[in-house]
1. Between segment 1-62 and segment 174-207, what's the alpha-carbon centroid distance in Å?
2. Which number gives the lysine pairs in segment 71-150 that have C-alpha atoms under 28 Å apart and are eight or more places apart or on different chains?
3. Which helices pass in the chain if a helix is a full DSSP H run, must span at least 18 angstrom along its long axis by Cα, and must have mean Kyte-Doolittle hydropathy not below -0.5?
4. Roughly what % of DSSP beta bridges within segment 100-211 run antiparallel, to the nearest 5?
5. What is the distance in Å between the Cα centroid of segment 308-326 and that of segment 380-435?
6. Starting from the alpha-carbon convex hull of segment 223-335, give the projected area averaged over all orientations, in nm².
7. Let me make sure I get this right: for segment 319-481, a, b and c are the square roots of the gyration tensor eigenvalues over alpha carbons, sorted descending. Under 1.5 in a/c it's rounded, otherwise prolate if a/b > b/c, else oblate. Which is it?
8. Go through 454-466, 101-113, 127-139 and give me the packing order, highest mean Cβ count within 10 Å leading.
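No value in this document is a laboratory result; all are computed from the given coordinates. These numbers were taken from a predicted model, which means no experiment stands behind them. FYI the Cβ positions are ideal-geometry reconstructions off the backbone, even for glycines, and counts take in every protein chain you see.
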Amino acid sequence: MIQIDFSKIKKIYFAGIGGIGVSAIARFMLANKKIVIGSELSDSETVDQLRNLGIKIVIGQKAENITKDIDLLVYSPALPDNHPERIAAKKLKIKELSYPEILGILSMQYNTIAISGTHGKSTTTAITGLIFETAKKDPNVMVGSKLKHWHGNMRLGTSNILIAEACEWKAHFLELQPQTILMNNLELDHPDCYKDDASVVKVFQKFANKLKKNNLLILNNDSKLLKQIKAKSKVFTFGIVNQSNLMAKNVKIDSKKLLQTFDLYLNNEFLGNIEIHLPGLFNVYNCLAAISISLNHEVDFKAIKTALKNFTGIWRRFDRVGYFEFKNNLNFVELKHLNNLDLKNKALVISDYGHHPTAVKATIEATREFYKNKRIVLAFQPHEHTRTKVLLKDYIKAFDKADAVIFEEIYTVPGRESKKEIALIKGIDVVKKIKHHKPNLKITYAKDNDEVISLIRSTIKKDDVLIIMGAGEIYNIISKFKDWHFWESVSKKNI
């Protein structure tokens, strides 16, 4: 187990500082009075926010960026051993830690709640953190997205509680030392790491095995694969279908108020009615997961109910970012007061990180529930060629309830995919199979972001809902419609 004395660390260099996880640790260390600097391959919204906090960031990752006055180098797990900055750190005998390793070290210093699962980790982590904050438990939170309420992807608290998103990619969550583990759902999502369902279950079982007898494992009782997880710790379950400790019943959608409600039962006793501004059954599960954690950490139900009602979502997770307004031409302007906005003669724009076919399908269906009788246009970019190839059968059926689809070429993750893997499948191959499966679906292939923008302009109509979805670079098209950013620049006073 890696040990490090942070009291002796003064200057930390973050290689790949613009990554969602690495940037959270960078902000955490800055708030803890460390000198933080870093590098990235290109500018981004996240990089701009970090600069506004006073962090010096170099664009371009070179050996000369690493100097002997650096005490610790933290790197994105996407960076290989032969990365120039890592090689330079080794030559200077500077201690190196990957993002999962440093998060693991931090987890040993707190009462850590680890939130895992194939889908919904970021949303569940954010909801849990907001509930704990509402209950005045002052938690530390590390989330794999950004929450406007916290001006970013990290909340610095004064308590001994750390709520952290726990990722299964390359078994990174095994670095954590939690006292509570939440498993929200389980599917094959990383075929570059796991060959089948059994191998995914195996690594989640290893994660569960880290808990001691008096620790707590919280499981979604409706997840088929999670039923295979065995525990030596205490177990608490939640669900909608199967009998569980915590259950949601009478789930209802109010499309006029853009609300979803459900009745909550704890061990068959009615607790109260929950109201959320989030669509989709998957978000009911995310809320049940957060409530399960909260109830097991003695959070008052009133605080739970209040926090859930106030939660409006996170960055790139059914994120209603703006709308197209139809005047002399197509204009894109910032969306304000969404719940009270009359969208007549406008086209709502939603940004979403979804990339697994289950998430794609669920998001389209959730949009259909909230925005009845509107035409749904999806601009989608698959993430990774291996994932697209292995999950192809599911991808083909994922778009059935959309009215029109703009399908961008598959995103190649830098440094993660070989030429052989990239050659496995092309975006146009997927489009052809979707057309064969559903001939009446209007689906168009786009080779890049510029073509996606052009197709959106020729496709979108008044009263449509446009979903821009994917974990790759398709998100960048939002800023090209008009030069504005939904996420306001973060000032130093916000950390």
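1. So the separation of the two Cα centres works out to 28 Å.
2. On the way: 121/136; 121/137; 121/146; 121/148; 136/146; 136/148; 137/146; 137/148.
Eligible lysine pairs with Cα atoms under 28 Å apart amount to 8.
3. Details: long enough: 121-134 (20 Å, 0.38); 281-295 (21 Å, 1.57); 357-370 (20 Å, -0.16).
Helices meeting the span and hydropathy rule in the chain are 121-134, 281-295, 357-370.
4. Values: 3 of 15 bridges.
The answer is about 20 percent antiparallel.
5. 26
6. Values: hull surface 38.2 nm².
Value for segment 223-335: 9.6 nm².
7. Details: a/c = 1.94, a/b = 1.63, b/c = 1.19.
Here segment 319-481 falls in the prolate category.
8. Working: 454-466: 17.2, 101-113: 20.5, 127-139: 22.8.
Going by the mean number of other Cβ atoms within 10 Å, highest first, we get 127-139, 101-113, 454-466.
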